[in-house]
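J.: Sharing a structure with you now.
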């Protein structure tokens, strides 16, 4: 059992390493972020399984609640952290360092959650890049309004407010 746990941890480490290589080469995507976080969570659960097998803690009844609690805590942290803003921040910093960015991904594949982060990123960029990013965001995203109070969405509200502020005409 210990060998299977150790080999699983090796697979997890290789997966995280490969995801890091893809991120370095092509930039961070939401899928790569989630994949990395999920792989790390699997590693944590298997370390706990190894501890249970080794008898670090009496019994194994704590393992399933531990796995569920760490999974739920991870989801809660992700919900609060705004993964799309994290993707924007990483890719904008990468753009500054390497002059490489997938502007198409940033402006067409991300949701309204990314709009405030994209427009805030223009303040950190030099003027030509800031103008390019602002123009791309203003073209690809359109301010939306909820048709009824039941259709209210915080991400749409924040995105619409950011777009109205940053994408006014000349």
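Only the coordinates and a few stated rules stand behind these numbers; no lab work does. Since the structure is predicted, the reported quantities are computational estimates derived from the model, not experimental observations. No Cβ is skipped: glycine too gets one built from the backbone with ideal geometry, and neighbour counts run over all protein chains shown.
J.: Give me 150, 7 ranked fewest to most by other Cβ atoms within 10 Å of their Cβ, as a rough exposure proxy.
T.: With the sparsest Cβ surroundings first, the list reads 150, 7.
J.: Compute the relative contact order of the chain as a whole-number percentage, counting only Cα pairs closer than 8 Å that sit 6 or more residues apart in sequence.
T.: That works out to 17 percent.
J.: Same structure again: Once the Cα atoms of helix 30-54 and of the chain are each reduced to a long axis, what angle between those two axes, in degrees from 0 to 90 to the nearest 10, is obtained?
T.: Approximately 20 degrees, to the nearest 10.
J.: Just from its helices, what would the mean residue ellipticity at 222 nm be for the chain, if runs of 4 or more DSSP H residues each count -39500 (n - 2.57) and the sum is divided by every residue, rounded to the nearest 500 deg cm²/dmol?
T.: It comes out at -23500 deg cm²/dmol, rounded to the nearest 500.
J.: I've got another one for you. Counting other beta carbons within 10 Å of each Cβ, put 166, 111, 148, 160 in order, fewest first.
T.: Least to most surrounded, the residues fall as 148, 111, 166, 160.
J.: Angle check, please: helix 2-26 long axis (alpha carbons) against the longest principal axis of the chain (alpha carbons), in degrees 0 to 90, nearest 10.
T.: Helix 2-26 sits at roughly 20 degrees to that axis.
J.: Provide Rg and Dmax in Å for the stretch 2-81, with only Cα atoms included in the calculation.
T.: Rg, Dmax (Cα atoms, Å): 14.4, 46.
J.: May I ask for the distance between the Cα centers of the stretch 6-58 and the stretch 91-120, given as a whole number of Å?
T.: 26
J.: I need the fraction of alpha carbon pairs in the chain separated by more than 24 Å, rounded to a whole percent.
T.: Here the tail beyond 24 Å accounts for 51 percent of pairs.
J.: Hey, another quick one. Which of 154, 137, 16 comes first, and how do the rest follow, when ranked by fewest Cβ neighbours within 10 Å?
T.: 154, 16, 137
J.: Using Cα atoms only, what is the angle between the long axis of helix 154-166 and the major principal axis of the chain, expressed in degrees (0 to 90) to the nearest 10?
T.: For helix 154-166, the angle is close to 40 degrees.
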